[in-house]
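Enquirer: I am attaching a structure below and will ask some questions about it afterwards.
The values are calculated or read from the model by the stated rules, or taken from the named source; none is laboratory data. Owing to the predicted nature of the structure, the values given are computational and were not obtained by experimental measurement. Quick reminder, even Gly has a Cβ in these numbers, built from the backbone with ideal geometry, and neighbours come from all protein chains shown. These area figures cover heavy atoms from the full protein model, side chains too; ligands, DNA and RNA do not enter into them. Shrake-Rupley method; radii C 1.70, N 1.55, O 1.52, S 1.80 Å.
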Amino acid sequence: TYIDDSMLATARQFVDSEGLGNVVLMKDDLFASKLESSSFDLVHARFQIAPLGRGSDQIANHVRLLRPGGTVALEEWDVSSWNFNPPVRALDSLVELIGQSFAQSGGDMHVGLKLLDLLRGVGVEGNVRSEVLALPPGHPYLRLPLQFAAALEERLLSIVTVDELEQLRKECDAELDEPGRWGTTFTLVQCWGQSAA
């Protein structure tokens with residue numbers, strides 16, 4: 001797994017600037033965690049399974065960290081609702097490409113739909129809720145596929161050429177500039193449950 005030290009440094013700056021003396025930041029590997037078992041009342045993970053995969057391993061580790069009766073809360077996505085209106089080719093192609101890049105590393109852009117089953121697989125009866133937002137024309141969140149393309153460029157370039165990616169970005173920009181373009185977000189799926197007491 002990839003651990004971004006710059007994000008950890010930014011988090012440390014925030015903790016220091018806010019005077020959060022009760023917050024401890026630790027660098028750990030989700031798939032080879034050295035954190036002590038049964039040491040947390042709450043484990044929260046957001047958007048970790050979709051890009052990294054190995055959902056069963058991740059959730060088993062989360063539950064391992066919980067004290068008896070502790071809560072695990074997971075947030076993941078399902079891209080089925082991620083749409084642009086009127087329909088567009090380039091933005092849809094970019095979303096598909098992002099999904100391919102996740103799949104290459106074992107991830108899954110539809111994992112939100114599997115969270116309840118993953119929790120049941122580790123003996124946790126879960127609860128679920130979901131949310132989809134409508135994005136009016138001009139909303140900055142409509143540009144999310146392009147933000148993903150920038151963040152995932154190295155992964156995407158293992159699938160397409162530099163020129164193909166640049167052309168796709170230009171076409172996406174043009175589609176987003178069309179008057180009246182609106183959309184819906186991916187479905188945010190939230191699942192939570194308690195470990196055995």
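Enquirer: Would you pick out the residues in the stretch 57-107 that are farther than 17 Å from V189 by Cα, in contact with a helix residue (DSSP H, G or I) (Cβ under 8 Å, 6 or more places away or on another chain) and among the aliphatic types (A, V, I, L, M)?
Expert: V88, A90, L91, L94, V95, L97, I98, listed by residue number.
This table checks each residue for (1) of a type in the set (S, T, Y); (2) surrounded by fewer than 19 Cβ atoms within 10 Å (Cβ to Cβ); (3) modelled with pLDDT of 95 or more; (4) out of contact with any strand residue (DSSP E or B) (no Cβ under 6 Å at 6 or more places or on another chain).
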residue: D57; (1), (2), (3), (4): no, yes, no, yes
residue: V72; (1), (2), (3), (4): no, no, yes, no
residue: E76; (1), (2), (3), (4): no, no, yes, no
residue: V79; (1), (2), (3), (4): no, no, no, yes
residue: F84; (1), (2), (3), (4): no, no, yes, no
residue: L91; (1), (2), (3), (4): no, no, yes, no
residue: L94; (1), (2), (3), (4): no, no, yes, yes
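Enquirer: Among the residues of the stretch 33-47, what is the count of those that are open to solvent by 50 Å² or more (accessible area, probe 1.4 Å) and within 18 Å of D5 (Cβ to Cβ)?
Expert: Looking only at that region, the number is 1.
Enquirer: Okay, moving on. If a residue must be part of a helix (DSSP H, G or I), loosely packed, with under 15 Cβ neighbours inside 10 Å and not β-branched (V, I, T), how many such residues does the stretch 144-162 contain?
Expert: Taking the stretch 144-162 as the starting set, the residues that turn out to be part of a helix (DSSP H, G or I) are 144-151, 153-156, 162.
Now drop any that are not loosely packed, with under 15 Cβ neighbours inside 10 Å, which leaves 147, 150-151, 153-154, 162.
Keeping just the survivors that are not β-branched (V, I, T) gives 147, 150-151, 153-154.
Result for the stretch 144-162: 5.
Enquirer: Still on this structure, please answer the following. Within the stretch 106-136, take every residue that is open to solvent by less than 70 Å² (accessible area, probe 1.4 Å), of a type in the set (A, V, I, L, M) and part of a helix (DSSP H, G or I) and give me the one that is farthest from W82 (Cα to Cα).
Expert: My answer is L119.
Enquirer: Still on this model: Going residue by residue through the stretch 172-191, is there one that turns out to be open to solvent by 70 Å² or more (accessible area, probe 1.4 Å), touching a Gly at 6+ places or on another chain (Cβ under 8 Å), in a loop (DSSP other than H, G, I, E, B) and farther than 30 Å from S39 by Cβ?
Expert: Checking the stretch 172-191: not a single residue is open to solvent by 70 Å² or more (accessible area, probe 1.4 Å), touching a Gly at 6+ places or on another chain (Cβ under 8 Å), in a loop (DSSP other than H, G, I, E, B) and farther than 30 Å from S39 by Cβ.
Enquirer: What is the number of the single condition among (1) within 21 Å of the chain's Cα centre (by Cα); (2) touching a residue at least 12 places away in the same chain (Cβ under 8 Å) that W182 does not meet?
Expert: If we test W182 against (1) within 21 Å of the chain's Cα centre (by Cα); (2) touching a residue at least 12 places away in the same chain (Cβ under 8 Å), just (1) comes out false.
Enquirer: Mind counting the residues in the stretch 61-107 that are without any contact (Cβ under 8 Å) to a residue 60 or more places away in the chain and within 30 Å of Q167 (Cβ to Cβ)?
Expert: Going through the stretch 61-107 one residue at a time, the tally reaches 14.
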